[in-house]
Amino acid sequence: MSLLLFTSSGNGVTLEPEWDFDRKDTQVKTEHTTRSGKRYVYKWGSYTKFSFGVTFINSSTAGIINSWWITNTKLQLASNSGELTATYSLMLTASDLPIGQYQKPYLDKFKGKINLQGY
């Protein structure tokens, strides 16, 4: 499976996720039970999270993805093949740079973990 991660202005990168690709749909809701025992569920919305590792990323692609993380750029994710058939609106979420480690034994290739969350 290959994924296209891009901005609304058309800048994009193609990524090949590792084996740890994970997609999780989360629903924002609250539940309330009255004294009479009647239960109410209020569904406020939902969002999707994606998480996957990437390896053997060149320095220009790593720089683009890391700059999107630094500037909190709104992104879109689409699949070129495989299970995903829709385009998702997402942002990079992580506590550190998404792609910040050298891919041993290379000094010009990088690896990292991409965490995306819908907005």
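The values are calculated or read from the model by the stated rules, or taken from the named source; none is laboratory data. These figures come from a predicted structure and were not determined experimentally. When we count neighbours, we look across all protein chains shown, and the Cβ atoms used for this are built from the backbone with ideal geometry, even at glycine. To get the accessible areas, we keep the full protein, side chains included, count just its heavy atoms, and leave off ligands, DNA and RNA. Shrake-Rupley method; radii C 1.70, N 1.55, O 1.52, S 1.80 Å.
Checking LEU77, LEU107, LEU97 one by one, the residue that is open to solvent by less than 30 Å² (accessible area, probe 1.4 Å) and of a type in the set (A, V, I, L, M, F, W, C) is LEU77 and no other. Can you name the number of the only condition in (1) outside any strand (DSSP E or B); (2) under 15 Å from LEU116 (Cβ atoms) that ALA62 fails? In the conditions (1) outside any strand (DSSP E or B); (2) under 15 Å from LEU116 (Cβ atoms), ALA62 misses (2) alone. Close Cβ contacts (under 9 Å, 6 or more residues apart or on different chains) running from residues in segment 10-25 that are farther than 21 Å from ASN66 by Cβ and surrounded by 11 or more Cβ atoms within 10 Å (Cβ to Cβ) to residues that are at pLDDT below 90 and of a type in the set (D, E, K, R) comprise ARG23/GLU83. When only residues in segment 49-65 that are open to solvent by 20 Å² or more (accessible area, probe 1.4 Å) and within 11 Å of the chain's Cα centre (by Cα) count, which is farthest from THR14 (Cα to Cα)? Checking each candidate, the answer is LYS49.
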